[in-house]
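> Submitted below is the structure of interest, expressed as structure tokens.
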Amino acid sequence: MEIHYKDIILRDYRESDIEDDIRWNTVETQWAAWDAPWETEEDLASFDPGKFREEELERLKNPPRGFRWSLELDTAEGVHIGGVNAYLIDENLQWVRESDLKPGQKSFPALGIEVNESAYWSKGLGTQALTAYIRYFLDNGREELYLQTWSGNSRMLRCAEKLGFIECNRVVGLRHVRGAVYDGLTFKLDAEKFLLHERA
């Protein structure tokens with residue numbers, strides 16, 4: 001599957017992406033300072049390239065079907081620079097596995113983006129990718145969309161505001177990053193504001 005939007009392409013994972021992911025987890029790791037650093041620092045320290053390569057090659061034997069909860073991000077020229085993804089949160093805005101949902105329990109997608117190649121930061125490509133991914137959800141009937149980040153991630157905050165996300169929850173002092181304390185933030189998409197951005 002491919003989604004083309006302005007200067008970016010969202011697409012399914014392929015074998016050539018494996019070596020990019022390994023580089024992003026061993027050499028080009030600046031992205032980890034901004035994408036949930038309280039988790040990624042530990043993940044990077046324990047990253048095993050050989051095991052990762054083996055697992056991804058095995059996963060590629062079963063191509064994705066149906067709705068996509070993650071897609072890779074390319075520039076229009078075909079340079080692989082990151083990806084978009086989504087996970088479920090419950091009515092308390094907490095992460096939840098689909099398999100753990102009780103009958104009738106509500107859940108909502110929370111969207112995220114990673115631009116792993118730092119040379120492509122601050123060029124608007126992340127905003128374009130998230131715009132295309134939001135549109136994908138809306139076109140598939142998923143209208144109540146969320147985004148979660150922390151108050152120190154200024155690029156993500158600017159992107160969220162631009163796309164029409166409105167802060168709906170703040171947990172003060174939730175995140176400790178590089179010796180400072182930050183708030184945990186949840187935003188809900190205002191569809192009308194998003195459509196105005198999309199038309200602009």
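The values are calculated or read from the model by the stated rules, or taken from the named source; none is laboratory data. Only a predicted model underlies this, so the values are computations on that prediction, with no experimental measurement involved. Every residue, glycine among them, receives a Cβ derived from its backbone with ideal geometry; neighbour counts consider all protein chains shown. Accessible surface is based on the protein model in full, side chains and every heavy atom, while ligands, DNA and RNA are left aside. Shrake-Rupley method; radii C 1.70, N 1.55, O 1.52, S 1.80 Å.
> Could you sort Arg175, Arg65 by accessible area so the largest value comes first, with the probe set to 1.4 Å?
Ranked list, largest accessible area first: Arg65, Arg175.
> For each pair in Lys123/Lys193; Lys123/Lys188; Lys6/Lys106; Lys102/Lys188; Lys106/Lys188; Lys106/Lys193, compute the distance between the two Cα atoms and list the pairs where it is over 27 Å.
Working: Lys123/Lys193 22 Å; Lys123/Lys188 24 Å; Lys6/Lys106 34 Å; Lys102/Lys188 23 Å; Lys106/Lys188 15 Å; Lys106/Lys193 24 Å.
With Cα atoms farther than 27 Å apart: Lys6/Lys106.
> Can you match P(r) over Cα pairs in 10 Å bins from 0, in percent to one of these, (1) 8, 32, 36, 19, 5, 0, 0; (2) 8, 32, 39, 19, 1; (3) 8, 30, 30, 19, 10, 3, 0, based on a calculation from the structure here?
Checking each listed value against the structure points to (2).
> Let me ask something else about it. Helix by helix, which DSSP H runs in the chain go 18 Å or more along their axis at the Cα atoms and have an average Kyte-Doolittle hydropathy of 0.0 or more? Before the final figure, lay out each step's value.
On the way: long enough: 125-139 (21 Å, 0.43).
Long hydrophobic helices here: 125-139.
> So, one more: Connecting C-alpha atoms closer than 10 Å in a GNM of the chain, tell me which of Thr29, Thr131, Thr149 has the biggest fluctuation.
Maximum fluctuation in the GNM of the chain, among the listed residues, is at Thr29.
> Once the Cβ-Cβ distance between Glu54 and Trp121 is put in as r, and R0 is 25 Å, what FRET efficiency do you end up with, to the nearest 0.05? Present the calculation step by step, with values, prior to reporting the outcome.
Numbers: r = 31 Å, r/R0 = 1.23.
Efficiency computed from Cβ-Cβ geometry: 0.20.
> Rounded to the nearest 500 deg cm²/dmol, what is the calculated helix-only ellipticity per residue at 222 nm for the chain, with -39500 (n - 2.57) per DSSP H run of length n ≥ 4? Spell out each step's value before the answer.
Details: 6 runs with 64 residues, N = 200.
About -9500 deg cm²/dmol.
> I'd like to compare 32-44, 50-62: which one has the highest average count of other Cβ atoms within 10 Å, and what's the full order after that? Please list the in-between numbers first.
On the way: 32-44: 14.9, 50-62: 11.3.
Top to bottom by mean Cβ count within 10 Å: 32-44, 50-62.
> Place a +1 charge on the Cβ of each Lys and Arg in the chain and a -1 charge on the Cβ of each Asp and Glu, then give the dipole magnitude about the Cα centre in debye, rounded to the nearest 20.
Details: 25 positive and 37 negative charges, 133 e Å.
Here the chain has a charge dipole of around 640 debye.
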